[in-house]
Amino acid sequence: QKEVEQDPGPLSVPEGAIVSLNCTYSNSAFQYFMWYRQYSRKGPELLMYTYSSGNKEDGRFTAQVDKSSKYISLFIRDSQPSDSATYLCAMSAGQTGANNLFFGTGTRLTVIP
Amino acid sequence: DAGVIQSPRHEVTEMGQEVTLRCKPISGHDYLFWYRQTMMRGLELLIYFNNNVPIDDSGMPEDRFSAKMPNASFSTLKIQPSEPRDSAVYFCASSFEGPSPQHFGDGTRLSIL
């Protein structure tokens, strides 16, 4: 079993839709959770960074972490064509000296105008 | 402020040739990571450095791969001799000490013919 599981999609939605992206994980030591956005031919760009359980909102983006279920989500409200990209979840146990991130395989999202 | 800078952006070379990829991390970051990304395997960590010292190279696929970090502002990943199966996008990332997110460069797209 992989440490982090993510549905690769692809996912196509009309402009203005609410998008839900999800990852599950198996390691209960993970405490730091990230979402990266990767445009074609670019590097992953940090979108959201959260610690432990709960919600974090930034503009149209909301990250949710449910540690009891080992499940994290990213919601995009009022999706725009510019949101079309691959979204990767990543997580870490965060011990000092061990900054390793465990990545999902990414979900490719297309927002249709 | 400049992000992680990688060069070259694209490299096409013939099998058997030596390939050198370069990375300049974000100033002040203590950690530097080299990743490889393919459609089949997603993002794979190859090696990471802390304060210029290699900490974990267990992800380096073979002895043909080597990495150095001679100072805090420069790192190289070398493949010698290169093989077609090394074709991938290679990313460099850097971060501060502790549970801080990694910041990625835009990658080197490597094609071995």
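The values are calculated or read from the model by the stated rules, or taken from the named source; none is laboratory data. Being a predicted model, the structure only gives us computed values, none of them experimental. Note that we place each Cβ from the backbone using ideal geometry, even for glycine, and neighbour counts take in every protein chain shown.
Looking at B:Ser75, B:Ser94, which one is buried (at least 21 other Cβ atoms within 10 Å of the Cβ) and touching a Pro at 6+ places or on another chain (Cβ under 6 Å)? Outline the logic, then answer.
Numbers: B:Ser75 fails: touching a Pro at 6+ places or on another chain (Cβ under 6 Å).
Going through B:Ser75, B:Ser94 in turn, the sole match is B:Ser94.
Inspect all residues belonging to the range A:91-99 and state whether any of them is farther than 19 Å from A:Val4 by Cβ, within 14 Å of chain B (Cβ to nearest Cβ), among the hydroxyl-bearing types (Ser, Thr, Tyr) and free of Cβ contacts under 8 Å to residues at least 40 places away in the same chain.
Yes, the range A:91-99 contains a residue that is farther than 19 Å from A:Val4 by Cβ, within 14 Å of chain B (Cβ to nearest Cβ), among the hydroxyl-bearing types (Ser, Thr, Tyr) and free of Cβ contacts under 8 Å to residues at least 40 places away in the same chain.
Do any strands (runs of 3 or more DSSP E) entirely within the range A:1-48 hold 1 or more residues that are among the hydroxyl-bearing types (Ser, Thr, Tyr) and within 23 Å of A:Ser84 (Cβ to Cβ), and if so, which? First the steps, then the outcome.
Values: elements: A:4-6, A:11-14, A:19-25, A:32-38.
Once the strands (runs of 3 or more DSSP E) in the range A:1-48 are filtered for at least 1 residues that are among the hydroxyl-bearing types (Ser, Thr, Tyr) and within 23 Å of A:Ser84 (Cβ to Cβ), what remains is A:11-14, A:19-25, A:32-38.
Tell me whether the range B:61-73 contains one or more residues that are closer than 24 Å to A:Leu88 by Cα and either away from chain A (no Cβ under 14 Å) or within 12 Å of the chain's Cα centre (by Cα) (or both). Working first, answer last.
Restricting attention to the range B:61-73, the residues satisfying the condition of being closer than 24 Å to A:Leu88 by Cα are B:61.
Keeping just the survivors that are either away from chain A (no Cβ under 14 Å) or within 12 Å of the chain's Cα centre (by Cα) (or both) gives B:61.
Yes, the conditions are met somewhere in the range B:61-73.
If a residue has to be within 17 Å of B:Asp106 (Cβ to Cβ) and surrounded by fewer than 24 Cβ atoms within 10 Å (Cβ to Cβ) to count, how many in the range B:21-37 make the cut? Show your work before the answer.
Step one: list which residues in the range B:21-37 are within 17 Å of B:Asp106 (Cβ to Cβ), which gives B:21-26, B:29, B:32-37.
Next cut, surrounded by fewer than 24 Cβ atoms within 10 Å (Cβ to Cβ) only: B:21-22, B:24, B:26, B:29, B:36-37.
Total meeting the criteria: 7.
Go through the range A:49-82 and count every residue that is closer than 27 Å to B:Ala88 by Cβ and at pLDDT below 95.
The qualifying residues number 1.
So in the range B:38-57, with the set limited to residues that are within 15 Å of B:Gly107 (Cα to Cα) and not polar (S, T, N, Q), which one is surrounded by the most Cβ atoms within 10 Å (Cβ to Cβ)? Give the derivation first.
Residues of the range B:38-57 that are within 15 Å of B:Gly107 (Cα to Cα), as a first pass: B:38-39, B:42-46.
Of the ones still in play, those that are also not polar (S, T, N, Q) are B:39, B:42-46.
Details: B:Met39: 10, B:Gly42: 18, B:Leu43: 23, B:Glu44: 14, B:Leu45: 20, B:Leu46: 19.
That would be B:Leu43.
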